[in-house]
Amino acid sequence: MPDTITREAPRQATGTAEFDAIVIGAGFSGLYQLHLLRDRLGLSVRVLEQADGVGGTWYWNRYPGARCDSESHSYCFSFSEDLYKEWEWTERYPEQPEIMRYLNWVADKLDLKRDIGFNTRVTACRYDAVANRWQVTTEGGETLAATYLITAVGCLSTANVPKIPGLESFQGHWYHTGQWPHEGVDFSGLRVGQIGTGSTGIQAVPVIAAQAKHLTVFQRTANYSVPARNGPLSDDFKAWTKENYRTIREVMHSTPNGHPFVISDRSCWDVSAEERRTLYEAAWEKGGLQFRATFRDLLIDKEANDTAAEFLRAKIREIVKDPETAAKLADIDHPYAAKRPPIDTEYFEAYNRDNVSLVDVRSNPIERITPKGAQLRDGTEVELDIIVFATGFDAMTGPLLRLGITGRDGLPLSEAWAAGPRTYLGLQVAGFPNMFTITGPGSPSVLCNMPIAIEQHAEWIADCIAHLRAKGIARLEPAPEAVDRWVEHVNEAAHATLLPQAGHSWYLGANVPGKPRVFMPYAGGMARYRQICADVAAKGYEGFVLSD
Ligand code: N01
């Protein structure tokens, strides 16, 4: 990558602030993209962020128990050895406030905040073909323009609050975990209802249960979970991560999911049933997302997966004392890890408390919210003071569609994606020249440890922009045939795994009524994807149309 290209000063003549690049979002992606474009390429860049601080997903997700499921020594930037070695994590998994401290530290260290417009919500992005510029409008009435538009809005930033009749009549308070009040919520002495048992809900249950008078969990789909085994990091481990920076990074770059552990090359069928059980026990004791790395075929062979699933169901029955509650929790209808596998701290144990109860809302749905609580189909009214919606997100496409993007010839992104997202490499959309989507649909993104996926995209985009500028190329967008081929490949990659077998997963958009059912992330593996993107660039951006 060249070190600098002339930096253009912002121009204000038309009331429009002019930049080389506009980046939307100041989480991991936006921060790194700003650093690369401004400090390595010398471009004028403006980052627009709707929150009043950096942090992206970690700014909003302040719910009880919010903690990253990736291990802290892998959930950080690794592009700079100095940055990596200077920061000290305290626990095996970083808690939300610690990640916020980390991202603020990075932003200050790289002097990024001066180029970020906070409290600035983007309402429209329109491509002007004559000027070959992106015109961006904000809620506050600002207009800005740039040659390159880069979305760094994350995959899980549009809260999904189910439309349950009567919610407006509820006399208590309700909150979505992804829009949690900064001042926190005091549950002491209160009756709390939590809807949702995904990764978020499973983190929140034990923490809310420890404080509330009573917690009722409304479960629609039972879920697997493996103990996180969180705890403080020893000085030895901290020193080891620093000494082994390069090796850790190499592992993260060479595995399908960007985590710092290697997936076993052993098949589940290479070992006896007894040995298999011993290996699962060891993985359960070790804890964390690594459980799924016990055998190489857990995500491609349903019968192999069944062995892990049965082990995990048996654990639920062993931990949860009330057999009826245990049966509801263990009645899981999808293969293990076909939905994002949660990890927990005393989740199943929480159901042994006297102040926690479980309602199966698949057999007995919430018909309406009343002023006093939730009314179930069988007529029961569960009285509540607080409702917590741990109901997830309009994932991957939601954050992009709400930006009001229109491409060439006034084509709205919502129309281009009416039947589901269509991208080339998850990086660009045909008809939207010079627009790049960090961790967009069609890229590994949510199937990968996010900082690894983000760094690869931000670097590829910076290299691409450097190439365009060095060669005097005005526009880059994917050829429609390249998009067709990529969409087909994303589909094939998903169907080579068990992932599409969880028919109600947000990977498929199935959690949002009316959303097209398309498997959105690229399941072919991060290492393979990195190579594909590198090859495309090496072949002169094969599959893209480059024009003056
Ligand atoms: O959301 P989810 P999440 N009535 O969509 C239920 C990342 N993450 O926020 O399965 C009743 O997974 C829904 O039920 P069902 C991670 O990638 C990361 O938990 O659709 N229930 C499900 O139980 C994760 O995958 C971390 O039947 C309703 C739950 O709500 C992603 O975020 C931590 C309902 C939603 O689960 C999203 O996780 C947490 C309704 N109308 C999350 N609508 C870290 O690494 C939905 N549900 C820190």
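Values quoted throughout were computed directly from the atomic coordinates according to the rules given, and no laboratory measurement underlies them. As the structure is a prediction and not an experimental result, all values here were calculated from the model. Cβ: placed from backbone, ideal geometry, glycine included. Neighbour counts: every protein chain shown.
Points worth noting:
- Of all DSSP beta bridges confined to the chain, the antiparallel ones make up roughly 40%.
- Under the combined filter of DSSP loop state and at most 14 neighbouring Cβ atoms within 10 Å, the stretch 92-196 retains these GluC sites (Glu not before Pro): E139, E183.
- Relative to the Cα centre, the charge distribution of the stretch 51-164, modelled as +1 at Lys and Arg Cβ and -1 at Asp and Glu Cβ, gives a dipole magnitude of about 480 debye.
- Exposure proxy order (Cβ contacts within 10 Å, fewest to most) of H259, H182: H182, H259
- Fully extending the segment from E91 to A314 would add 77.4 nm, taking 0.36 nm per residue of separation and subtracting the current Cα-Cα distance.
- Reachable aspartates and glutamates from K471, criterion Cα separation under 17 angstrom, eight or more residues apart if same chain: D3, D20, D463, E542, D548
- When both the stretch 461-531 and the stretch 136-174 are represented by their alpha-carbon centers, they are found 23 Å apart.
- Neighbour counting of Cβ atoms within 10 Å sorts the residues T177, T216, T90, fewest neighbours leading, into T90, T216, T177.
- About the centre of its Cα atoms, the chain shows a dipole size close to 680 debye [charges on the beta carbon of Lys, Arg (+1) and Asp, Glu (-1) only; nearest 20 debye].
- A P(r) calculated from all alpha carbon pairs of the chain, with 10 Å bins opening at zero, reads 3, 18, 28, 27, 17, 7, 1, 0 percent.
- For the stretch 262-297, trypsin sites (Lys or Arg not before Pro) meeting the loop criterion (DSSP other than H, G, I, E, B) and having at most 15 other Cβ atoms within 10 Å: R266.
- Net charge of Cβ neighbours under 15 Å - reference L508; Lys, Arg +1; Asp, Glu -1: +2
- Options T16, V320, P451, ranked by Cα towards positive dipole end of the chain, top entry (Cβ charges): T16
- Separation in nanometres of the label points that stand 7 Å from Cα toward Cβ, at R246 and E542: 3.1
- Nitroxide proxy distance, nm - points 7 Å out along Cα→Cβ at A210 and K163: 3.9
- Rounded FRET efficiency, nearest 0.05, which uses the C-beta distance separating E481 from R114 and R0 of 51 Å: 0.75
- The distance between label points at I532 and A419 comes to 2.0 nm (points 7 Å beyond Cα on the Cα→Cβ vector).
- Inter-centroid distance (Cα atoms) of the stretch 416-436 relative to the stretch 337-405, Å: 33
- Across the stretch 410-548, Cα pairs under 8 Å and at least six residues apart give a relative contact order of 31 percent.
- Amide H contacts of S357 (H built 1.01 Å from N, in plane; Pro and chain starts excluded): L215, T216, V217 sit under 5 Å, all sequence-distant by 5 or more or on other chains.
- Going by neighbour counts of Cβ atoms within 10 Å, the residues I454, I387 line up, fewest first, as I387, I454.
- Charged neighbours of Q456, selected by a Cβ distance under 15 Å, balance to -2 (K, R count +1; D, E count -1).
- The chain - mean residue ellipticity at 222 nm from DSSP helices (-39,500 (n - 2.57) per run, n ≥ 4, rounded to 500): -9000 deg cm²/dmol
- Take every pair of alpha-carbon atoms less than 8 Å apart whose residues are at least six positions apart; their mean separation over the length of the stretch 1-141 yields a relative contact order of 23 percent.
- Per residue, the average separation of C-alpha pairs within less than 8 Å and at least 6 apart gives the stretch 167-389 a relative contact order of 36 percent.
- Additional length obtainable on full extension of the chain from R296 to H489, 0.36 nm per residue less Cα span: 67.3 nm
- For the stretch 167-389, the share of DSSP beta bridges that are antiparallel, to the nearest 5, is 25%.
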